[in-house]
Structures are given as C-alpha cells and as structure tokens.
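The values are calculated or read from the model by the stated rules, or taken from the named source; none is laboratory data. Model, not experiment: these values are computed from the prediction. Cβ sites come from the backbone with ideal geometry, for glycine too, and all protein chains shown count toward neighbours. The protein model used for the area step is the full one, side chains on, heavy atoms only, and it has no ligands, DNA or RNA in it. Shrake-Rupley method; radii C 1.70, N 1.55, O 1.52, S 1.80 Å.
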Amino acid sequence: MKENKNIDKFFKDALYNYNVEPPQYIWEDIKGDILKSKQTKRRVYFSAVAASVAIIISFLSGYYFTGTNTSKLISENTVSQIVKPSNEIVSNSSLINTGIVENNSIKKTVSKTPIIEKELKIEKNNSNKENDNSFSKTNNIAQLSNKLIDKISAVITLKKVLSIKKRNNLNTLAFQPITSEDKEKVKVYEGFVEEKEIKNTWALAGQFSPSYLLGNKLNPKIDQSSMLLTQKDQASHNNEKALLAYNSGMKVGYTVFNRLTIESGLYYSKLGQQIDNARIDVNELAYYDGGELIEANSYTTSSMVGEIRYNTQASNSNDINVHPSAENTVKSVYVDSKLLQNFEYLEIPVMVKYKVIDRKVDMQLQCGLSPGFLITNKVYFEQNNAKQWIGYTEGMNSVNYRASLGIGIDYPLSKSLSINFEPTLRYSLNSISQFSEIKPYSVGIFTGISYFFN
Amino acid sequence: MEELNKIIKGCVAGKSVYQEKLYKLFAGKMYGVCLHYSKDSTEAEDILQEGFYKVLKNIKTFKNQGSFEGWIRRIMINTALEKYRKQKYLYLVNDIYEISEDLSFDEILSDIAAKDILKLIQELSPKYRMVFSMYAIEGYSHKEISDMLGITVGTSKSNLSRARAILQKRVKELFYPAKSQLKLAK
C-alpha cells in the first residue's frame, strides 16, 4: 500500500505542475478556429433572416392567392338577374344592428324571432402571428449530402487501414504509426460514430403550423331538380374562399432503430371557409332538397361544403305539408356581411420518419396517415368584427382521413432539445362532406420544439 | 487575481487581445496536463488546441465558483477523455506485464527530469495512462473515473494496479538499474 502511495506521489510531484511551452503555431490554429466559428455564426444569422423573409413572403403570397381567386363579389345586377322578382333583396343588411329588413314579409318574421337571440361576441381580429422561424436552405442540404459522402469514404478508408494493419500484425496494432491522412479520415469517422451514440430513443414535441388550403377536388352534388337553385348556388359559390387553416398539438416519437422513427400524437386542426355577400334563403314552405328535408319557415344558405342550417326558424309554422320542389316557395336575402364556416378536428396522426441526413442538423423524410375526428361544426355571421354563432353545416363527415408527406429538419438547441421545421403537404383521402366531393389539400410548415429522452 | 478577472471579462466580450493573454497565461501548464494524457506531443497539441478553443467559446459559463485554473484543467482533461473514448477501439492489445520485484521508492533519486517521467506515462497503453493520470495525478476517485470513462469501478482499480506495476518496473529499470539488479541478485 505504501509502495502504491509512493509511486503515485512520485508521478504527481513530477507532473502535476509540469509546465512546457507549447509550439507557437497552436495559438495561430486556435485563432483560426475562433475566426471560422464567428463566420459560421454570421452565416447562421443570415440564413435565419433569409428563411424568415421567405416564410413571410410565402404567408403573404398564400393569403394573396387564397384571397384573390374568390374575391369577385356579386353585383346588384347579377343578383337581380338570378333572383326572381317575387324575392326580396335587403339593400343593406344590418341584421345585427337593427334587425330591420325592407320587405314586409321578412320584416315580420324577423321581428317575431330575430336572428340575433344571443349576445354578440365581439372578437378582435386575430391576426396569425408568424413565428420567427427559420430552416436550412437547400444549399445546406447539398453541403450535408457532400459531407455524408465524405463520411462514407472515411468509413471505407478506415476499414482499409484496419484490415491492412490487422493482416500485418494484430498484436502490435496500437503501436503502429498511422499516417496523417488516415488520422484525418478516422477523425471524420469518429464524428460519425459519436453522433450515433448520443441519439435518444424517445422524443416529445409540441408543434404548430399555419396551412394554406391550396384547393380541392370540387364536384358539388347539387339537386338538379331545381335549376333556379342550381344557378343561384353556383353564383354563391363564387363568393366562397378558404380561411387560413392551422394545426397544433403534441406528438411522441419512438426511434425503432438509428434512422427510423414512428410518431403519433394528438393534434387540433382548424379549417374553414368564408362566404362573402351570403345569400340567405328563407324557406316559406317545406320541401326536399337532394333528399334532405328543408323545413318550412327555416333559413338555409347553400355552400360548396354543404347546406348551412340556421339555429333559428323564420317563424313558428303549422305548415307540415312538404312541397315537391322549392319553386315559388323560397325568398332569398343577400347580406353584405360574411358567413364563416368553421370545422375543428382532433387528429391522431401515425407518421413514419426516415432520417436521410444524420448530422448536427438532421433531415428526415416523413409520411403518414392522420384520421381527423370532427369535433366542432359551426357557422358564424360576421359583421363589423362582431361574430355570432348562427348554425351549422349540414352533411359533414365525422371522420376525415388525411395523408401527409413532408421533410423534417431538426436543429439541436442542446443535447435533449431541438427546434424542428417540417414543411408538409397534406391531402384528404375522403371528402369532408357527404354531399360534395371536397378533398382539401394544404401546405404548411410545422414548427415546434422537441425534447429527447431515453 | 484582478488581472485575471480583467482578462476573463475581456474574453467574455470576445476581445482577441485578452484571449491571447489568457492563452499565454495558461498554455504552458495546460500543455503539461495534456502531455500526460497523450501518447506523444502531437496528440497533446491536438488536445490543447481543441481544449483551449472550448475554454474561449464557453468562458461566459464560468461562474467564478472555484478556481479558474481548475476549470480550465477540467476542460483539458475532458477533451483528452473525449479523444480517448473516440480512439479506444483502435487499441486492441492488452498489456501484460509481470512484476516480481518489490523495491522501495524512497531510494529513487528525486532529481530525475520531469520529461523522463512523463515519457514513462506516455509509454503506457491509453487505458492505463488515463486511469493512472486521473487517479494518481489529478486525485479522482475510482467512482469518478468509472463514470467519466464509462467503465466499472473494478476495471478502474485493476487498470490502476497494472499501471502502477508497469511504472514501478520501468522506473527501477531506467533510473535505478544498479540497485534493482543488486536486490534481484540477493
């Protein structure tokens, strides 16, 4: 024991404060490393700014395109051509403020059971806040790919070095000099091995994504029995435009092996559309529309997605007779306000991710299926920033299956945290409505923070 | 101390003049540390360069708790450990040394040059060098060493024991051959 302490002390005394001047070039190399790191930082900031600008531009362009393709309003002339003389036109529908409608018959019904029964909920315009997100540009992806190729060549070189040395003499392998070129290759290989070691098995992420509804496969199944309604419906559909949709939620991922991850979670998604200058049909008599019973003295509005049914009836009617068609039984009212159709879904996505680039900044390809369960189907009447819940859209499917395909980019913030950007294309496999063939597809950038753990 | 604080503040602000001052202040001593965790000066230079870069990059995280020199030293050792962990798969051989002598170190002359002693450590295989340097020179416990190297406490003890035995033999062979032979002859 004493012997052990002696030898320990012998070496400690000699070496603990051992001081040797290192070669001058080491400081020059360190200075070079610092300079390189500063330049990289500048590049990252520049990329972040550039990516933010790109996102803002894409937001604005998305808003512009979704806004302009349906912004054409129906003029008074168009309305007068479509609507029969017997129908009345509200010149300035200030239903919310006054409830006064010019036509007597309508005024009568409105005064009996005014549309506004519930208190107004004034909501401020919620402008979508754009996150200061950034993601790596394609340049970076190309660079990463090149580095990946370097690593593969490094692995091959390393194997070569090892096999040659093993052949020569296995026992003296540790003491054989390795050429500087070999060392460089081995360094690259080591980086590759080390990165694999620190990966965690589980990941928990919170994400948010605004999405642009790019369009849908539209084939409305409108009741052909009434040409009048069909024409009016088609005119109305021109006033419909998609609202900015968004998704948010939490997901859990499990890494099956190095590059393959399976994810699932719970997401809330919201989509909808806006109808400008909405036409409200006042159905004086009951009739069947496409197999659906429209009750007497009810309000309806036709939309691409389905018929909007109102919570209130025009009057308490005793008329139980059902008329064969809507001819001469419908009075239409045009309002210069908006109707907002909102659909909210709870989604349980199942995604498979495959890591294409396994570096500091990872990149994955991902695809999956996401059943969305309709939890809210509401229609609002909006005027002067005041929103009132007035009804629901008829014939919505309770489940909508969405396929998604995307690219995931993970930028590490620390060993267990990373920020992710996932440009994703989502496509509905079945129609959201029973009456129309509407399969919306959207593009969005899911952004969030991931937490990794074992 | 005042001067060191000023240098540290300058480094936190990213001023290259103070970075160079800090390097000049600690380079010699830290190079000495790196040398006894390396097989040769080239490897030690690599560790010094990498370690000092980390020091300058992370200097703002130094909380003035404990000595600054201890903090830098720890970074150098950690850098050496990282390098060792990366390279350990290259060292496939097991050193097998038999120790049959039991001589006293009291008799070893104290004026042996440090660089010769360093050479003995550098000749050890990496796993023995790491454990011995950490235990005998730095004063880490076997538990700490096992955590830092990712080995068991038993392996740490066994490696230390073998390292000691090898060093004992080499010290006696090189610095005190006459005495060694004399005792062996008895």
Quiz item: Using the Cβ atoms and a cut-off under 9 Å, what net charge is assigned to the surroundings of B:Ala136, where Lys and Arg are +1 and Asp and Glu are -1?
Solution: +1
Self-check item: Sequence of A:Tyr267, A:Tyr354 when ordered by accessible area, the most exposed leading, probe 1.4 angstrom
Solution: A:Tyr354, A:Tyr267
Quiz prompt | Accessible area buried at the A-B interface, both sides summed, 1.4 Å probe (Å², nearest 100) | solution = 4300
Quiz item: Average partner chain C-beta neighbours within 10 Å, per residue of A:23-33?
Solution: 5
Quiz item: By how many nm would the segment from A:Leu429 to A:Ile449 grow when fully extended, if each residue of separation counts as 0.36 nm and the alpha-carbon distance is taken off?
Solution: 4.3 nm
Quiz item: Using r as the Cβ-Cβ distance of B:Leu4 and B:Glu82, and R0 as 22 Å, what FRET efficiency do you calculate, to the nearest 0.05?
Solution: 0.25
Quiz item: Among A:Lys12/B:Lys169; A:Lys353/A:Lys378; A:Lys9/B:Lys172, which pairs are too far apart, with a Cα-Cα distance over 25 Å?
Solution: A:Lys353/A:Lys378
Quiz item: Given the pairs B:Lys29/B:Lys86; A:Lys355/B:Lys127; A:Lys270/A:Lys355; B:Lys24/B:Lys63, which span a C-alpha to C-alpha distance of over 27 angstrom in this model?
Solution: A:Lys355/B:Lys127; A:Lys270/A:Lys355
Quiz item: Which value, in Å to one decimal place, does the Kirkwood hydrodynamic radius take for segment A:328-454 when every pair of different Cα atoms is included?
Solution: 17.7
Quiz item: Largest first, what is the accessible-area ranking of B:Leu4, A:Leu365 with a 1.4 Å probe?
Solution: A:Leu365, B:Leu4
Quiz item: Taking segment B:2-90, how much of its Cα-Cα pair set, in percent, is spaced more than 20 angstrom apart?
Solution: 33
Quiz prompt | Computed over segment B:2-90: relative contact order in percent, which uses C-alpha pairs under 8 Å that are six or more apart | solution = 29
Quiz item: What average count of beta carbons from other chains do you get within 10 Å of the Cβ of residues in B:135-142?
Solution: 3
